[in-house]
Amino acid sequence: MTWIVPYLWLVPALPMLAAGISALLGRRSRATAAALAIGSMAISFLLSLGALIHVLTSHGGDRIFTFNFRWFQFGNEWLKLGWVLDPLTAVMLVMVTFVGLLIFLYSIGYMAHDDNFTRFFCFLALFAGAMLGVVIANSLLLLFMCWEIVGLTSYLLIGFWYHKPEAAAAAKKAFIVTRIGDLGFLLGMVWLYAQSGTLLFFDSGVGCLESSSLTHLVAHTTILGLTVSSAIGILIFCGAAGKSGQVPLHVWLPDAMEGPTPVSALIHAATMVAAGVFLIARIYPLMAAGAPLMSAYAGSLSPTIALQVVTWVGAITALFGALIAVAQFDIKRILAYSTISQLGYMMMGLGVGGVAVGMFHLITHAFFKSLLFLGAGSVIHGCAGEQDIRRMGGLHKHMRITFYTYTAGMLALCGFPLFFSGFWSKDDILRSALTWSVSRAPFYMGAFGALLTAFYMTRQVFYVFGGNNRLVATSHDDPALAAHFEDPHHHAAHHLHESPAVMTVPLVILAAFAILLGFIGTPAWPWFQSFLDGTHTTFAFSAFSGLNVLPVMASSSLLVFCGLGLGWALYGHRPIQSTQAPDALGAIQPSIFSFLSHAFYVDDLYRATLIRLNTWLSKLCDWFDRWVWNGAVQTISYFVVGIAHLDNFFDAAVVNSGFDEGCQGVSRGGQILSLLQGGQVQSYMRIIGCALIVLVLYLLWGAKI
Amino acid sequence: MTAFPWISFLTALPLVGALVLLASGRVGKIFVRFTALAFSLAALAITLFLWLRFDSSSGGLQFQERLSWIPSLGVDYRVAIDGLGLLMLLLTSIVVPIAIIASCRIQEKVPLYYSLVLMLQTCLYGAFTALNFFHWFIFWELSLIPAFFLIRLWGGPRRSSAATQFLVYTMVGSVAMLLSFLAIFLATHKFDFIDLAAMAHSGQLMPAVIDKLDWRRFTPNHLALIVFSGAFVGFAVKVPLFPFHTWLPSAYSEAPTGTTILLTGAMSKMGVYGFLRILLPIFGAQMQEVLTPLLWLAVATIVFSAYAALAQKDLKRIFAYSSINHLGYCLLAIFAVAKFTGSDPSLTTQKYAAMNGVFLQMFSHGLTAATLFWFVAMLEKRSSGLRGLDDFGGLRKVAPVFTGLMGIALFSSLGLPGLNGFIGEFLIFKGSFPLVSWATSLAVIGLLLTALFVLGILQCVFSGPLNQKWIGFPDLTAGERIVLAPVIGLMFLLGLYPQLVLGVVNNTVIQLVQQIKF
Amino acid sequence: MSSLQSYLILSSLLFSIGLAGALTRRNAILVLIGIELMLNAANLNFIAFWRYGPNPEALTGIMFTIFSISIAAAEAAVGLSIILAAYRHSRTTNLDQMNSLKG
């Protein structure tokens, strides 16, 4: 299947082409738009499968296939782009196309009543194309470019219902917060380009992730004693932190739930947010450069600073997200904070355990989280747009398929032992964290987070599906209900129905994967990990007696059962009676509950500090411009105009008047002199006579007579 | 002179059009508009012809015309284009038709308006191709006059003060530049840019200046810096560089939108062109001496103008500040290139990247800014002159195509990959970061702030509930879509295939960077 | 007393009378007569100095005198015509009343 490598570009290009054509279609070509999107995704899926088979069947050391080409030149060099096919790419491609395809199918049912159906599929296809571009990129620049387009489509899709101010604001927030991370990404990228001379990852030995470049990068140190590779890694991690909702750049994710539920499922659960994790996995050689090589199951002796940063941030995020999810009442927000928490786990896994550990959880998470979101969408659809879990309940009777699949996903997320994929992937992470050489704190944070995960998911399931339905009772007398409706075309309130097949079939498929996918990565047969690492493995139960395997399995199972038990005790034991009833946990610990439900007031903190600072700075700059710089110019101009007035005054009053006065003087003098002219001829002659006498006297005076 | 003088012909063509329009007497407005458009499109055709005939493998001066004019003053009529000049010609040729089409709201003294626009086009062509200070300065100064009248006669409520400030401020800078060049002339008896650059390259220029203008009060170094600062002020005001930028927001917002397109699309590039063609080759050594303050100014330009844009409520003022911000990146790269001399290959490749980025950013910013103001013009046409951020709301519902296309232009301004704004900025950052790391790191704040106000525009004007006032807001007509399509298409084309431009200018860039050694 | 002195005394007397007449008479013609007297006194002076001077044979004195007489005659003619014209205009010969050229 080597033919697939030069044609790998089709995988992202086909959905993008579908998006381009859909953009030109009118509002009524719904079927065409959907067909284009789904068709292109299906073909991409088949091509991805082909790529996977190609990588599977290529034995030997070289399992990285690249195709590089020139793009533009500057100076004496050409900037090259390219795509790569290696195990990491292959698994990501298959996951993205498969989950994407299922969500596209689901969207046909979910968005059926929306006016802007065509536009929705156009954006979805564009997103899929860009995400696939991120996956196959062999150049950090190409990855960045597709990364930004992914951010654009996320913006467009979150703000899909643009007439809602909250949606428009949430879209802007998402773009801005991720852009903050992208600033670090850009700086890291240009730094890497400067240091290694290329942005291609793999390029016959001279790529920036290959050994010659890495040795060069490790050899130099920069500020704070970091190696250049770690510094660049941390900068690029900023971008990943933004995209993957790590603390403190997580604030956009919960607000992003303003978008339609398929968007939340695809973008904010399975794929886009995973792009950050994928990025770190992709540049893992850079992040780990300088530290002794590590494998999936043995902790590194002394991990690089970059990986330590990743781990700590991931661990904090994992705990943070789980804590907040405990106190939320919007069905999608619980899942959003859960996603934040799980992304933290993935980052932690990458930091402590390496690519295989983090990626395994990414893949399993993609399936069960999108399942949970689609299930939530089904619930919302069935409850005619209601999203507050206090107003749901009793759906296990009315929406059976949704209930069963949702429970499967929930158990996978909690990490219910043995039969659910989340268990195996989370255990991998916890096991690596346990043996992390720097500190054990991430392990404890992760373990506590696992407990909380089980707790809040149980809470959610009992609120939504357990007991009796609370929606019917209160829908008539609560006008505020209308404000919570997501879907503007809401059905009659008491119409609790299961969703149509086009929505439930993807749920079932995803549930199957949520269960079965775990089995490709168990310690007994770590096929997934070995596929990514390039090692060989066989099926052997003896692996269970390996280092820490059984203790971690036991303790994590214990934590899960504790969480489930607590959840049942507080929420399942006595069914929730009414929408106004206080939350069971909230009744016990109201202050902590309130603090958690406001998400540690992080948003408010940002609003009070950063946003206010920004607004103040912008007003200051504007004020400066208007009054200081402009004022300086105005002052100079007033000064010059003042001189002009002075000059004018001088001209008019001094010079001109002076001249005028002079002329007046001459004139007056003339007038006076003219008095001598009496007009009398004889007086003239008298004067001549006198003058004559005077002259004669004068002449005689001097002469001797 | 055996070859046909294409450049002089191109320069004279819009002037002929202007005279035709002035002499046209009582003809209909439609006829006037079409004639103006026809002349500008003819100029575009000739420019495209030059583009295709240009030999991009050499990168030197081509289509040169040289006539001896006033030998005793060292003045020749010398015009030629290399990659830089050709790029600027092409930009002007694209921006002027856009400006003409966007001026459809002008109803009084229409022939005069369009003839002033065409005169401005001639002056721009002249300034971008002249190689002798004498006629270059003539065109540089002459371009202010049509611009002044365009703002003064057809502008907004505060047009008088804006136009006067624009004219006087720019002219003050030009006077300083004139003094510097006269000083140089007195010393070297040359006005030719290429000769002066060669003298600077061989290190003879400043000693000659210091020798001939022996002011005992100043040290030689200070004298050289004074001469440099005169020329620097002239260009710094034009670009504009902080803090000489305060004329720009009022000039752009008070000018009629068609004129703003010209101001931002082409005239602002005259400043950057001046930096590249004149300041850097001739005064490179002086630039290197004062580099740190210059870098601070460039970073201030980028960051403060973006912050100020965030605080504006008038769409045109936002885009005006955004222009300052984008050109700040160009200046950052130019200063970065001036930092190191010598031929260290790793540094040279960064300089090539930065310089290519400047070229591409100039071109793509001209295109994007012109398109954005064009959209503002269309908005004003539909709203009878309103263009505040808070005047609209939810327009996407009634005008989706308008939203989509303006959104593309806005995202191009933001630097989204796949559109024309990204590669220029990326190359600038890529080239500048190794050379001036801290300045570049601070400059990325500008990217964030640009995203903030661009998305703010999208949110306030197009999203949210539909403002009931605009229920009848018409979407783009078929005619508007047809004329917008090539421009939007060009944005995508440049974003996906920048080699189209870079292939032509690359050798010029190499030569330009090689020349800056002192 | 020599002959010269007596001639000079005569001419100075004539001059003074003429001057007195020109300065004090109201009638314009009488002023003219006074001027003529002054001119003739000067002529007499010329002749006297010629006759009793160093070179009586040369014709210098006579030439001056003849010039002076002819000019006096011309001037009298012109003067009289001016007075006639002025009389026709202002119907009087009283000089005190002809002062329209005053400043």
Residue in region A:157-172 that is surrounded by the fewest Cβ atoms within 10 Å (Cβ to Cβ), counting only those that are within 9 Å of chain B (Cβ to nearest Cβ) and in a helix (DSSP H, G or I): A:PRO165
Scan region B:344-354 residue by residue and report those that are buried (at least 20 other Cβ atoms within 10 Å of the Cβ), touching a residue at least 60 places away in the same chain (Cβ under 8 Å) and at the interface with chain A (Cβ under 8 Å from one of its Cβ atoms). B:GLN350, B:LYS351, B:TYR352, B:ALA353
Can B:ALA298 be described as open to solvent by less than 10 Å² (accessible area, probe 1.4 Å) and within 13 Å of chain A (Cβ to nearest Cβ)? no
So which residues in region B:434-470 are under 25 Å from the mean Cα position of the chain (by Cα) and more than 18 Å from A:GLY239 (Cα to Cα), if there are any at all? B:LEU435, B:VAL436, B:ALA439, B:PHE453, B:VAL454, B:LEU455, B:ILE457
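With respect to B:ARG396, is the statement that it is assigned to a helix (DSSP H, G or I), within 21 Å of B:ILE261 (Cβ to Cβ) and open to solvent by 10 Å² or more (accessible area, probe 1.4 Å) true? Give the steps one after another, and end with the answer.
On the way: assigned to a helix (DSSP H, G or I): yes; within 21 Å of B:ILE261 (Cβ to Cβ): no; open to solvent by 10 Å² or more (accessible area, probe 1.4 Å): yes.
No: the conditions fail for B:ARG396.
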Flagged pairs (Cβ under 9 angstrom, 6 or more apart or on separate chains; first in region B:452-467, under 17 Å from B:VAL401 (Cβ atoms) and more than 8 Å from every other protein chain (Cβ to nearest Cβ); second part of a helix (DSSP H, G or I) and open to solvent by 30 Å² or more (accessible area, probe 1.4 Å)) are B:VAL461/B:ASP391; B:VAL461/B:ARG396
Filter region C:1-43 down to the residues that are part of a helix (DSSP H, G or I), in contact with a Ser or Thr (Cβ under 9 Å, 6 or more places away or on another chain) and open to solvent by 70 Å² or more (accessible area, probe 1.4 Å), then identify the one that is nearest to the other protein chains (Cβ to nearest Cβ). C:ILE29
Output the helices (runs of 4 or more DSSP H) that fall wholly within region B:191-257 and possess 2 or more residues being over 16 Å from B:LEU280 (Cβ atoms), more than 14 Å from every other protein chain (Cβ to nearest Cβ) and of a type in the set (A, V, I, L, M, F, W, C), or say none. B:205-212, B:220-238
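What number of residues within region A:504-521 are part of a loop (DSSP other than H, G, I, E, B) and surrounded by fewer than 22 Cβ atoms within 10 Å (Cβ to Cβ)? Full working, then the answer.
First, pick out the residues of region A:504-521 that are part of a loop (DSSP other than H, G, I, E, B): A:521.
Applying the additional criterion that residues be surrounded by fewer than 22 Cβ atoms within 10 Å (Cβ to Cβ) yields none.
Of the residues in that region, 0 qualify.
Just a yes or no: is a residue in region A:607-619 within 14 Å of another protein chain (Cβ to nearest Cβ), open to solvent by less than 70 Å² (accessible area, probe 1.4 Å) and among the aliphatic types (A, V, I, L, M)? Before the answer, list the steps.
Within region A:607-619, the subset within 14 Å of another protein chain (Cβ to nearest Cβ) is A:610-619.
Going one step further and asking which of them are open to solvent by less than 70 Å² (accessible area, probe 1.4 Å), we end up with A:614-615, A:617-618.
Subset that is among the aliphatic types (A, V, I, L, M): A:617.
The answer is yes, given that some residue of region A:607-619 is within 14 Å of another protein chain (Cβ to nearest Cβ), open to solvent by less than 70 Å² (accessible area, probe 1.4 Å) and among the aliphatic types (A, V, I, L, M).
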Taking region A:637-652 on its own, how many of its residues are at the interface with chain B (Cβ under 9 Å from one of its Cβ atoms) and either open to solvent by 90 Å² or more (accessible area, probe 1.4 Å) or among the polar types (S, T, N, Q) (or both)? 1
B:VAL272: closer than 30 Å to B:LEU455 by Cβ and within 14 Å of chain A (Cβ to nearest Cβ), yes or no? no
All but one of (1) free of Cβ contacts under 8 Å to residues at least 60 places away in the same chain; (2) farther than 28 Å from B:SER346 by Cα; (3) crowded, with 23+ Cβ neighbours inside 10 Å hold for A:VAL190; which doesn't? (2)
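Return yes when A:GLY670 is open to solvent by less than 70 Å² (accessible area, probe 1.4 Å), assigned to a helix (DSSP H, G or I) and of a type outside the set (Lys, Arg) and no when it is not.
Numbers: open to solvent by less than 70 Å² (accessible area, probe 1.4 Å): yes; assigned to a helix (DSSP H, G or I): yes; of a type outside the set (Lys, Arg): yes.
Taking the combined requirement at face value, the residue satisfies it.
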How do the helices (runs of 4 or more DSSP H) wholly within region B:1-117 filter down when requiring 3 or more residues that are open to solvent by 50 Å² or more (accessible area, probe 1.4 Å): which remain? B:6-22, B:29-53
Considering only residues of region A:193-203 that are in a loop (DSSP other than H, G, I, E, B) and touching a residue at least 40 places away in the same chain (Cβ under 8 Å), which is nearest to the other protein chains (Cβ to nearest Cβ)? A:LEU199
Condition (residue is under 24 Å from the mean Cα position of the chain (by Cα), among the hydrophobic types (A, V, I, L, M, F, W, C), at the interface with another protein chain (Cβ under 10 Å from one of its Cβ atoms) and closer than 27 Å to A:TRP191 by Cβ) applied to region B:362-380: is it met by at least one residue? no
Does region A:151-161 include one or more residues that are more than 15 Å from the chain's Cα centre (by Cα), without any contact (Cβ under 8 Å) to a residue 12 or more places away in the chain and within 19 Å of B:LEU466 (Cβ to Cβ)? no
Reported set for region A:420-447 where residues are aromatic (Phe, Trp, Tyr) and within 16 Å of A:ILE363 (Cα to Cα) is A:PHE420, A:PHE423, A:TRP424
Can we say B:GLY503 is open to solvent by 10 Å² or more (accessible area, probe 1.4 Å) and either among the basic types (Lys, Arg) or out of contact with any Asp or Glu (no Cβ under 7 Å at 6 or more places or on another chain) (or both)? yes
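The values are calculated or read from the model by the stated rules, or taken from the named source; none is laboratory data. As the structure is a prediction and not an experimental result, all values here were calculated from the model. Quick reminder, even Gly has a Cβ in these numbers, built from the backbone with ideal geometry, and neighbours come from all protein chains shown. Each accessible area value is taken on the protein alone, full model and side chains, heavy atoms only, with ligands, DNA and RNA left out. Shrake-Rupley method; radii C 1.70, N 1.55, O 1.52, S 1.80 Å.
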